[in-house]
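To keep things clear, I will list the structure first and then write my remarks on it.
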Amino acid sequence: MTYASYLYFFAFVFLVYMIYLIIPVKYRWFVLLAAGYTFYIVLNGFLTAFLLVTTVSTYFCGKQIGKFQEGFNAKKKELSKEEKKQLKAVVTKNKKAMVGIAVLINLGILVFLKYYNFFAGHMTRFWRLFGFSGGMPVLKLILPLGISYYTLQSIGYIVDVYRGKYKPEQSIGKLALFLSFFPQMTEGPIGRYNELTPQLVEGHKYNNADFSSGVILMLWGFFKKLVISDRASFMANSVFNDYQSYSGTVIVIAVAMYTIQLYTDFSGCIDIMSGSARIFGIKLSENFRQPFFSKSVAEFWRRWHITLGGWFKDYVFYPVSLSSPFMKLSKTAQKRFSKFFASLIPSAAALFVVWMGTGLWHGASNKYIAYGLYYFGLILLGMLFEPIAVKIFNKIKLDRKGKLWSGVSIVRTIILVGIGMMMFRANYVMDFVHMFLRMFTTQNPADIFNNTVFSLGTDKHDFLVIFIGVVIMLIVAILKEKGRDVLTTAATGRIPLKWTIMIGLILSIAVLGAYGPDYGAVDTIYAQF
Amino acid sequence: MEDLLRILSEVKPGVDFTKEDDLIESGILDSLSIIQLVTKISDEFDVEITPLDLVPENFKSAETIYEMIQNAED
C-alpha cells in the first residue's frame, strides 16, 4: 500500500458519497453495492470471482433453508404431535445439509487457498521422514483480499438463518452488499447481517453529526496509522528480522514498539473504515474497546478484535460446547471427577477448538498455531488456579477489585500480551523462543544511552513523536473508559472545538506523518489475513 | 427458581443472584460460565438450550434465565 492510496481512498469515499446523495434515497444502496464491487475489482481483478461464488452460494443455500422452514410451518398445524416430530427431523436434516453445502463451499475456498501449501509442506516432510521421495506439490495460490472476513460473515449469516434468528434475504443484491460493503472489505470489522444490512439498504440523508463524526474518526485513524504506527514499525522490523545482533534490552523495546505498531495500525485502519462508513450514516460494529486496560487476557480478547472473538463465541464456542459429543463429555466428567474438574474439562476442550481456530485464522503458519495455543494455555491456567487465587486473596484480605490489584492485573496483562505480540511478529516459532531467552540472558541497559536503540530506523525524534502520540491516545482512552467519548463530543459539539480538533489532526498528520522520501510505505498488517 | 439459584451459586459462588440485575455487564457471567451454567441447566431441568438462546438478554438476571428455561420447556 502506498501513501497515495490513502489519499485515493479518501477521495473515493467522498466521490461515492456525492453520488450517494444525488441518487433517490430508495436506490442509494445500489451506489454502495457498485462502490463495493468497483473497489474490489480495482484491488483484486479476476479474484472477484471468489467473492461472487461466496455470494451466490450463500444466497441460494439461505433461500433454500427458508423454503424448508416455510414448508414445515405451513404443514405443522395439520399434523399430529408424532407426525410433527418426524417432519421436523426431516426438515432439520435438510436445513443442516444446506448449511453443510454453504460452509463446505465457502470455508473450502478459504481453507484451500490459505492453508493448502502449509498442509502440503507438512505432509511432504512427514512423507520424507520415512525415506520416500516426492510429496504434495506446492501451488501458486493468491488469497483474495478480505476473504477471511467476508467468509466469516457469510457463514454467520447462513448459520443464523438455519437457527431461525432471521429470515433469509430475498434480494441477492442486498446480500451481495452485506458481503461487499467497501469499508469492511480489507480488515473488517466482521459484521452481522441483522445489524448491518438494515443500515446499508435504508438509504440515509445527509446528517451533519454523522458526517463530522465520520471525518474526525477517519482523521484519528490516519493519525494513529501515519504518525505512530509506521514510525514504530521501522525499529520493530530491524530487530525482529535480525534479533541475534541485539541485546535483550533492545528486544524488549522492539516488542513494545511492535505492540504499539500493531495496535495503532489495526485500530487506526478500523477507525478509518468505521469513519468512512459513518459518513454514510452507517455504524459498523465496535472492534476495540481500550484493550490495554484489561485485567486478564480473557478480558483483553473481549476488548481486542471484538468482532472476531464474538464470531468465534457465537459460531464455534457455543455450538461446540452444546454439541452432543461435548455434552456427553460433560456427563462423563461429572461421573468421574470432582465438581471443579467436571466443569473445567468440557470448557477446556471447547476452548482448545476456539483458540486453534483463532490462531489458524491469522495465517497458515506454525507460529500462529503457537499464538492461539499460547492464549489457550494462559486462559486454562487462569481457570485452574482460580480456586487457589480465591483462597489466597481471602486469606490476605486483598480486594481483587481494589485499585492496587487492578493496577497489578493491568500491568501483568500487558506483559503477557506483549509476549503474545512477540510470538505473533517473530518470523518463526524458534525465533520467538530465542528472542524470549535473549531478553533474560543478554540484557544491556547501556544500549538505551549509547544510541543503539535510536539507530534502528526509529530515531530520537521518532521516539518523541511516538511518545506524544501514545500519551494523546492514552488520554482519549482514559476518558472513553470513563464514558466520555472525546471524538464524538468534538464532532457533535460546538463548531470552534470541532474545527480545532480537525485542523489539529490534519496538521499532525501533515507535519508528523511518517511519509516522504525518508520513509517507506508500510502495508497494513491485518489486510494480509 | 430455587434449583436455578443453587446452580448459579455452584457456577459462581459468593454472588447474591437475587439482587444482581445485569450479570453480563457486571462481568459476573462470561461465555465460559454461561456454558457451565447451561450444561447444568440442561441436565437438571431436562431442557434443550440451543446456541440461539445464548444471547445477553437471557442472562441478565436469575429471572431472565428462569424465563429462558420455561420457554425451552414449552
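Summary table
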| read-out | value |
| --- | --- |
| Average projected area [Cα convex hull, chain A], square nanometres | 31.7 nm² |
| Least to most buried among A:Val486, A:Val13 (fewest other Cβ within 10 Å first) | A:Val486, A:Val13 |
| Rounded Å value of the spacing that divides the Cα centres of the stretch A:207-273 and the stretch A:435-457 | 21 Å |
| Average beta-carbon neighbours from other chains, 10 Å sphere, peptide B:28-40 | 6 |
| Evaluated over the stretch A:124-276, the Cα radius of gyration and Dmax, each in Å | 22.0, 70 |
| Sequence-separation-based contact order of the stretch B:2-73, relative, with Cα cut under 8 Å and 6+ spacing, percent | 36 percent |
| Reach of A:Lys367 by Cα under 13 Å, taken over aspartates and glutamates that are not fewer than 8 positions away in the same chain | A:Asp431 |
| Relative contact order, percent, the stretch A:365-500 [alpha-carbon distance under 8 Å, six or more residues apart] | 21 percent |
| Listed residue (A:Phe126, A:Thr92, A:Val103) projecting farthest to the positive dipole end of chain A, Cβ model | A:Thr92 |
| Computed over the stretch A:233-357, Cα set: Rg, Dmax in Å | 20.2, 58 |
| Mean Cβ count within 10 Å, highest first, over the residues of peptides A:228-240, A:159-171 | A:228-240, A:159-171 |
| At R0 = 25 Å, FRET efficiency that the Cβ-Cβ distance of A:Met430 and A:Ile388 yields, to 0.05 | 0.15 |
| Computed lengthening from A:Ser323 to A:Leu21, 0.36 nm per intervening residue step minus Cα-Cα distance | 103.9 nm |
| For A:Ala333, net neighbour charge (Lys/Arg +1, Asp/Glu -1) across residues whose Cβ lies under 15 Å away | +4 |
| Spherically averaged projected area in nm², based on the convex hull that wraps the Cα atoms of the stretch A:1-61 | 5.2 nm² |
| Those GluC sites (Glu not before Pro) in the stretch A:73-137 that DSSP places in a loop and that have at most 16 other beta carbons within 10 Å | A:Glu78 |
| Shape parameters for the stretch A:331-433, alpha-carbon atoms, Rg then Dmax in Å | 16.8, 47 |
| Chain A, relative contact order in percent, only Cα pairs under 8 angstrom and at least six apart counted | 20 percent |
| Approximate shape of the stretch A:150-238 as ellipsoid semi-axes (Cα gyration tensor, √5λ), whole Å, largest first | 32, 20, 9 |
| Gained length - A:Phe10 relative to A:Glu78, 0.36 nm times residue gap less alpha-carbon distance | 18.6 nm |
| Length added when fully stretched, A:Asn241-A:Ile495, from 0.36 nm per residue minus Cα-Cα | 86.7 nm |
| Expected 222 nm ellipticity per residue - DSSP helices of 4 or more, -39500 (n - 2.57), all of chain A, to 500 | -24500 deg cm²/dmol |
| Taking the convex hull of Cα positions in the stretch B:2-73, its mean projected area over all directions (nm²) | 4.1 nm² |
| Reduced Cα scattering model of the stretch A:1-132, Debye log10 I(q)/I(0), q = 0.10, 0.14, 0.16 Å⁻¹ | -0.67, -0.90, -0.97 |
| Residue (of A:Val31, A:Ile65, A:Val53) at the positive-pole extreme of the stretch A:13-99, dipole from beta-carbon charges | A:Ile65 |
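Since every read-out is calculated from the coordinates, none of them should be taken as a lab result. Not measured: the values here are computed from a predicted model. Cβ: placed from backbone, ideal geometry, glycine included. Neighbour counts: every protein chain shown.
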